[in-house]
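I have placed the structure first, in the form of structure tokens, so that the comments after it can refer back to it.
The values are calculated or read from the model by the stated rules, or taken from the named source; none is laboratory data. Just so it is clear, the model here is predicted, and its values are computed rather than measured. Note that we place each Cβ from the backbone using ideal geometry, even for glycine, and neighbour counts take in every protein chain shown. Accessible surface is based on the protein model in full, side chains and every heavy atom, while ligands, DNA and RNA are left aside. Shrake-Rupley method; radii C 1.70, N 1.55, O 1.52, S 1.80 Å.
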Amino acid sequence: MAHRTNLDMDVLRTFVTGFELGSFARAADRLGRSQSAVSTQLRKLEDQVGQPLVQKSGRGLALTTAGESLLSYAKRILELNDDAVDIIRGSDVEGWVRLGLPQDFAESRLTAILGRFANAHPKVRVEVQVDRGTPLIEKTIKGELDLSLAWGDGSEGPHAQRIADLRIAWIGRPDWHGSHKRGTEPLPLVAFAPPCVFRSAGVAALDAAGIPWRIVFTSPSLSGLMAATEAGLGITLRTTMSIPKALAALDPVATGLPPLPTIPLSLHFADAEPTTAVARLADILLETIRDEGLRVSNLAA
């Protein structure tokens, strides 16, 4: 029987992470390794398959034909590995978890989160509430939710962890140029009613730049804000992770808009020591966000 080569799972994960993040330097940071260690792993993988996997492309790296094939297989191998571990570990986990999510994540990632969790932990029942950050945090502090994801640095809750920082963008129609540049009228804003961290960031940036503004539309739902923006009533503020196809992140230089800061994203727990079911859902929530290409900090052990 011919000798079979067993690909190193740890090395495959580094390989996939590098191209998902667009940089092996970022992969090293994510995985807690030095760049030299990551380079060694990549060479080991190329030795195992007997072909080069990456090639120089400008200042960066690109996949070779062999690398493209391996990347596809590697993702499937890692997915099977992770599913097997999740199912075996979670087979005896029971109970229920009350999860709170902001509308951004509920609209774009809820199906993936719940599907993965249900597959790994079929005996756990999940109840989801979708709301704005302040109500979610308040319910978590009161014990009405076990776990919630909310915009903010986590300072509002006693058992919160800051997990990521995302860039805020001005969102509008691609053909929006802004009459505020001509000084004819205030900038029309589409935003949630306060308190809203996105609204506060936008207003602060406009005030600092001396640009007059006015609120032209408010809605309790994110879809309402996006619909009003798509209709051309004004521009809004959000991250770029789930912009509707008809809208775009506006270039501050081209539109004369002020630059915006990053916004922190935090995970809030009702208890300092969450149950196994809550901890597992938190892990899957973070992994799902990572799979979308967002840089997420590791939870403290």
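Here are a few things to note about the model shown:
- Taking the range 25-144 as the region of interest, the helices (runs of 4 or more DSSP H) fully inside it that hold 2 or more residues being open to solvent by less than 50 Å² (accessible area, probe 1.4 Å) and among the β-branched types (Val, Ile, Thr) are 133-142.
- Residues located in the range 231-259, provided they are buried (at least 18 other Cβ atoms within 10 Å of the Cβ) and either modelled with pLDDT of 90 or more or of a type in the set (A, V, I, L, M, F, W, C) (or both): 234, 235, 236, 237, 238, 247, 250, 257
- Residue 255 more than 30 Å from residue 288 (Cα to Cα) and of a type in the set (Ser, Thr, Tyr): yes
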